[in-house]
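One structure below.
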Amino acid sequence: MEQLTQEIQARAAQLRSQLQQAGYAYYTLDAPIMEDAVYDRLYRELQDLEAQYPSLVTPDSPTQRVGDRTAEGFTSIRHNIPLYSLENAFNLKELAVWEERWRRLSPEAEPGYVCELKIDGLALALTYENGLLVRGATRGDGVRGEDITQNVKTIRSIPLRLNAENPPNIVEVRGEAFLRLDIFEQINREREAAGENRFANPRNAAAGTLRQLDPQIVARRNLDFFAYTLHVPEGDLGEVPTQWDSLETLKQIGFQVNPNRQRCDRVEEVGEYYDRWDGDRRDLPYMTDGVVVKLDSVALQEELGFTNKFPRWAIALKYPAEEVPTQVESVTVQVGRTGALTPVAELKPVVLAGTTVARATLHNRDRIAELDLHIGDTVEIRKAGEIIPEVVRVLSALRPADAQPYQFPEYCPECDRPVVKPEDEAVTRCVNPICPAIVRGAIAHWGSRPALDIDGLGEKLARQLTEAKLVQSVADLYDLQVEEVAALERMGQKSAEKLIGAIATSKMQPWARVLYGLGIRHVGSTNAATIAAGFPNITALANASESEIESLYGIGVEIAKSIVAWFQVPENQTLIERLRSNGLQLEAATSSPSPPSSPLAGQTFVITGTLPNLKREEAKAKIEAAGGKVTGSVSSKTNYLVAGDSPGSKLEKAKKLGISVLSEVELLKLLEN
Ligand code: IVH
């Protein structure tokens, strides 16, 4: 019994401390350290314990705070009218889907939109009674927020009295409180000088400021406010049949309204507004993170109403966040199939350009040294072109006092052998040919779509097969038995049979794919196809000199060197012999069947961005099946650029060179023809 009590006491103390820390991070630092749901769970656990054992309640327990989860000094209030948030769209296609959706609900309506900039601050709800500001509150969860009237009253652009002769009984105004960028910088400079942590962005700084208990401090911070919603539940402020009129009225009664609003009749004009402000917003003295598109007609807004979360008549068309800050929790090092060690920062998850990101590449050892990365550092990450996010900089001012510098490993994290870093290369490598990561990578690569295309054989299965010691080389795949595979975890007889079938079928794959599957450094699928066309079989290639290989169009000296070196390794020679006796295609098919129709023969394509339906590999396969060639970079030899979402610099280059740009639909049409 005694034991149990001690345990319970310890647990209660632990919960108190965790909740206190979370509350401090949330309210005072404005840098939450746990999800709301986690906080609520821990809070309830503590409440339950205290209800069971009342002697556990201490005066400083978070459960004893009035107005649960409200910073000391602020009271939680219920909003007169709930504050809805907005559904997000991340591109014009999603905007078109939204338009289609509301039009289906109200097919007769004339569209007519108002576009406003989406200010990146925090929403405030202001209540005026008989023209006087009586309450200012944060949004909170939309239903309940915090009463921060005293702080709101320090914001110069919020009128304390409405400019109206006969003000209505009640007026509710909503808008965005924000900090101008120059003031944000100034605050951060002051904080740094005082040895305090910098605010990560103006929004956090504004939120932190509004939660200050001392209105004097708030007043000094010069917050600003743009009004965007007007509700007149009781009384009259004149006719406001449209959102545009609401904004005009807000201006008349004394609010600052963002001047960069625009009426648009058609969704195409909305698209132009969005594109224009994507560039122009960088010249604004405050942060914006998108465009808010609202149906102008209030009658139509009322007809469409709300879902349980959002208005159906408005949407936030966001710009991708290109760089966001987050914290590095640890660094892991991945070993690729070539033995290259890639350090990856494991992050506190953040939303970057519309997706949640929990990992970002640190590229290599030199880059880490350059960044002077410590575990626990706050870093900024960005989407690197079209690939995975990368760490761009360390915000060293935010470094915790006890943070330790990250040490790049001297030994392979997979096999413990010393790693090698040639002076003139950026990459650190494991050079142990039987390193599990290298073996596993080679097997997964062999099974991949552009290689031997063995359905089901990916990273995961490759790991299982190697760990069970069933496969140590790709040649072992061809000796696998159904029973052995079926005995693996999460594998049944059926899937084992399917896999063995797929492995057997892969013997029919042409010589170019086998060559690519071997994973020789610098031999990608395009190069493999060129080389396989130039050398009728693997023996001819194995006996070729560097200069013979290099004489092929498009094949450079680095590739040629790498191929020659590969064939010199005795293990690789054994591998080829085993593949030969397993029946793989190590030579070009002799009597090639009548060639398939090749409408795109001689045409070169580049694919960029995310296509709406096809995966890149699928698009590539379709183009190649029609006789076209797909390369990685745009040059004067490119005939078509197939562009999806977030196309990056390739699109610009193609436009400059006057190359035809195709959408996915246009590509499919071209293929049909
Ligand atoms: S309208 C029902 N207009 O964006 C109408 N919101 O993601 C809801 N925001 O919580 C809001 N600028 O904090 C609206 N011009 C604007 C805005 C705007 C910024 C914020 C606001 C809202 C969030 C929704």
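Some observations on this one:
- Residue-level check: of (1) surrounded by fewer than 21 Cβ atoms within 10 Å (Cβ to Cβ); (2) part of a strand (DSSP E or B); (3) more than 15 Å from the ligand (Cβ to nearest atom), Glu172 misses just (3).
- Every listed requirement among (1) over 29 Å from Gln186 (Cα atoms); (2) more than 16 Å from the ligand (Cβ to nearest atom) is met by Leu347 save one, (1).
- Only residues that are more than 16 Å from the ligand (Cβ to nearest atom), surrounded by fewer than 20 Cβ atoms within 10 Å (Cβ to Cβ) and not polar (S, T, N, Q) were counted across the range 213-231, and they come to 6.
- Filter result for the condition that a residue is of a type in the set (Lys, Arg), part of a loop (DSSP other than H, G, I, E, B) and within 16 Å of the ligand (Cβ to nearest atom), over Lys309, Lys294: Lys309
- Taken over the range 115-137, residues that are among the acidic types (Asp, Glu), assigned to a strand (DSSP E or B) and either modelled with pLDDT under 95 or more than 16 Å from the ligand (Cβ to nearest atom) (or both) amount to 1.
- For the range 312-338, the set of residues classified as among the small types (Gly, Ala, Ser) and either surrounded by 15 or more Cβ atoms within 10 Å (Cβ to Cβ) or closer than 24 Å to His445 by Cβ (or both) consists of Ala314, Ala316, Ala321, Gly336, listed by residue number.
- Long-range neighbours under 9 Å by Cβ, at least six apart or interchain, first residue over 14 Å from Gly121 (Cα atoms) and among the hydrophobic types (A, V, I, L, M, F, W, C) within the range 266-295, second part of a helix (DSSP H, G or I) and within 11 Å of the ligand (Cβ to nearest atom): Leu295/Gln243; Leu295/Gln301
- Which listed residue is over 29 Å from Val431 (Cβ atoms) and out of contact with any Phe, Trp or Tyr (no Cβ under 6 Å at 6 or more places or on another chain), from Leu352, Leu371: Leu352
- The criterion of at least 2 residues that are under 13 Å from Trp446 (Cα atoms) and at pLDDT 90 or above is met, among helices (runs of 4 or more DSSP H) falling completely within the range 468-547, by 493-505, 511-517.
- Those helices (runs of 4 or more DSSP H) lying entirely in the range 563-672 with at least 1 residues basic (Lys, Arg) and surrounded by 15 or more Cβ atoms within 10 Å (Cβ to Cβ): 570-581, 616-625, 649-657
- Any hit, the range 339-356, residues being of a type in the set (Gly, Ala, Ser) and loosely packed, with under 15 Cβ neighbours inside 10 Å: no
- Within the range 75-91, the set of residues being under 18 Å from Leu122 (Cα atoms), buried (at least 18 other Cβ atoms within 10 Å of the Cβ), hydrophobic (A, V, I, L, M, F, W, C) and more than 8 Å from the ligand (Cβ to nearest atom) comprises Ile77 only.
- Take the conditions (1) in a loop (DSSP other than H, G, I, E, B); (2) under 25 Å from Pro510 (Cβ atoms); (3) not basic (Lys, Arg); Ala444 misses just one of them, which is (1).
- Residue match in the range 50-72 (condition: touching a Gly at 6+ places or on another chain (Cβ under 7 Å) and within 16 Å of the ligand (Cβ to nearest atom)): no
- Any hit, the range 363-374, residues being at pLDDT 90 or above and of a type in the set (Lys, Arg): yes
- One residue from Leu117, Leu95, Leu124 being over 19 Å from Asp296 (Cα atoms) and buried (at least 18 other Cβ atoms within 10 Å of the Cβ): Leu124
- Val514 in contact (Cβ under 8 Å) with a residue 60 or more places away in the chain and touching a His at 6+ places or on another chain (Cβ under 9 Å): no
The values are calculated or read from the model by the stated rules, or taken from the named source; none is laboratory data. Here the structure is a predicted model, which means the values were calculated and not measured. Please note: Cβ atoms are built from the backbone with ideal geometry, for glycine as well, and neighbour counts cover all protein chains shown.
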